[in-house]
Amino acid sequence: MRELLRPPAHRGPLIAAGAVVLVVGVLLAQLRVEDTVGDGVHLAYAALLSALLLALGWGARGEGGAPAAYQSVLLVCGLLLLAVALFRLADVLGAGDDGYPAGALVWTSAVFGTAALVPGLRLRSGICVFLAGLAGVSLVLNGWQWLFSPSSATPFRVLLVLMALAFVLVSLVLRGGRYRASVLLVDAAGLLMLALGLTFASGLFFGLGGIGGAGAGTGWELVLLASGCGLVAFGAVDRQPGPAWIGAGVLALFVLLAVETESGDNTLLWWPLVLLLIGGGAMAAGLRPRDPLPPEPDAYPARDRPLASRTGDGDETVIRVRVED
C-alpha cells in the first residue's frame with residue numbers, strides 16, 4: 001500500500017491531471033445533488049478523496065529541494081477537497097443555522113491551515129505555505145467577528161494591514177532559503193491590500209452600504225498607494241509577475257477611490273498634484289545632465305608597474321625565495 005501511494009515521477013503529471021478533473025467533478029457533484037444527497041454522504045466521499053490525494057502528494061518521490069509540479073498539484077487538490085469536507089462537517093454539526101457561521105469558520109480555518117502548513121514546512125511547498133497564510137487570515141478575521149461582532153469595517157481593515165505587514169516580514173525571513181514561498185507570501189500580502197481596497201470600492205460597483213460603503217479617507221488611500229507601488233517595484237526588481245499584477249490592481253483601486261474629492265469639486269488638489277510633482281521630479285532626477293567623467297589616470301611606466309599587471313608581457317620575472325624550515 002505504501003508503494004502504491006508513491007507515484008513514479010514519469011506518471012506524476014498524468015496522475016495530477018486526473019486529480020484536477022476529479023476535484024472539478026467532486027465540486028460539481030457537491031452543488032448539483034446538494035439537496036438530494038445528505039451532508040453525511042458528501043462529507044464521506046470528499047474526506048476519503050482528500051485523504052487519498054494528500055497521501056499521494058506526500059508520498060511522491062521528491063527530487064530534493066522544492067516539490068515537483070505534479071506533487072504541488074496533488075497537494076493543492078487534496079487541500080481543496082479537505083476544505084469541502086470541513087464545510088460539510090460544519091453543516092453536519094449545525095453551523096450556519098443562525099446566520100453567518102463565524103465560529104465554524106474559525107475552527108475550519110485552523111484545521112485547514114494546519115493541514116496546509118505541515119507539507120509547506122516539511123516538503124518545502126511554497127503554495128502550501130501560501131494557502132496556510134490565507135487560512136490564517138480567515139482565522140483572524142472570523143475570530144474577530146465571532147468574539148466582538150464589530151459594527152463597522154474599520155477593525156477588519158486594520159487587521160488586513162497588520163497581517164499584510166506580517167506576511168512581508170515573514171517573506172524577508174524566508175527569502176534566503178525558500179525564495180518561492182517568500183514570493184507567494186508577498187502575493188498574499190498584495191491580495192490583502194486588494195481586499196482592503198475592495199471594502200471601499202465595492203460601494204462604487206454594487207452600491208453596498210455598511211462594510212462596502214465607498215469613500216476611503218486620505219490615510220487609507222495612502223496605504224493603498226504605498227502598497228501598490230511597493231508590489232510593482234518588487235515585481236520589477238525580482239522579475240515576478242504575480243506581485244506586479246496585484247500591485248497594478250491595487251493602484252487601479254486607489255485611482256477609483258481618489259477620483260471623488262471630499263468637497264466634490266473638480267480640482268487637482270491634492271492627490272493629482274502630489275503625484276504629478278513626485279513622478280515628474282523622479283523622472284527629472286533620472287534624466288538630469290550627467291557630469292563628465294574624470295580623466296583616466298596616466299599609465300604606469302614599465303619599470304614601476306605592479307607585478308600582477310606584468311603577466312603576459314613577455315618579460316621574464318625571477319623571484320628568489322628562501323624557504324626556512
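Screening ALA85, ALA68 for residues that are closer than 24 Å to SER125 by Cβ, in contact with a Ser or Thr (Cβ under 6 Å, 6 or more places away or on another chain) and buried (at least 17 other Cβ atoms within 10 Å of the Cβ) leaves exactly one candidate, ALA85.
Could you tell me how many of the residues in segment 149-169 are touching a residue at least 40 places away in the same chain (Cβ under 8 Å) and either buried (at least 16 other Cβ atoms within 10 Å of the Cβ) or basic (Lys, Arg) (or both)? Quick ask: steps written out before the conclusion?
Residues of segment 149-169 that are touching a residue at least 40 places away in the same chain (Cβ under 8 Å), as a first pass: 152-153, 156-157, 161, 164.
Narrowing further to those that are either buried (at least 16 other Cβ atoms within 10 Å of the Cβ) or basic (Lys, Arg) (or both): 153, 156-157, 161, 164.
So the count comes out to 5.
Mind checking which residues of segment 19-30 are surrounded by 13 or more Cβ atoms within 10 Å (Cβ to Cβ) and of a type outside the set (A, V, I, L, M)?
GLN30, the sole residue that qualifies.
Of the residues making up segment 93-129, those that are among the hydrophobic types (A, V, I, L, M, F, W, C) and touching a residue at least 60 places away in the same chain (Cβ under 8 Å) are ALA115, LEU123. Here is the figure for segment 89-130: residues that are under 22 Å from LEU48 (Cβ atoms), buried (at least 22 other Cβ atoms within 10 Å of the Cβ) and at pLDDT below 95 total 1. Picking from residues in segment 131-148 that are closer than 25 Å to LEU80 by Cα and not aliphatic (A, V, I, L, M), the one that is most open to solvent (accessible area, probe 1.4 Å) is TRP146.
Could you check segment 171-191 and list, in sequence order, the residues that are open to solvent by 70 Å² or more (accessible area, probe 1.4 Å) and farther than 16 Å from GLY230 by Cα?
First pass over segment 171-191, keeping only residues open to solvent by 70 Å² or more (accessible area, probe 1.4 Å): 172-173, 175-176, 179-180.
Answer for segment 171-191, where residues must be open to solvent by 70 Å² or more (accessible area, probe 1.4 Å) and farther than 16 Å from GLY230 by Cα: VAL173, ARG175, GLY176, TYR179, ARG180.
Scan segment 31-65 residue by residue and report those that are in a helix (DSSP H, G or I) and crowded, with 18+ Cβ neighbours inside 10 Å. Passing the criteria: HIS42, LEU43, ALA46, LEU49, SER50, LEU53, LEU54, LEU56, GLY57, TRP58.
Selection of first residues in segment 271-286 that are in a helix (DSSP H, G or I) and of second residues that are open to solvent by 60 Å² or more (accessible area, probe 1.4 Å), restricted to Cβ pairs under 8 Å at least 6 apart or on distinct chains, gives the following pairs, ordered by first then second residue: LEU276/LEU268.
The values are calculated or read from the model by the stated rules, or taken from the named source; none is laboratory data. It should be emphasised that the depicted structure is a prediction, and the values quoted were computed from it without experimental measurement. Neighbour counts run over all protein chains shown; Cβ positions are idealised from the backbone, glycine included. Heavy atoms of the whole protein, side chains included, go into the accessibility calculation; ligands, DNA and RNA do not. Shrake-Rupley method; radii C 1.70, N 1.55, O 1.52, S 1.80 Å.
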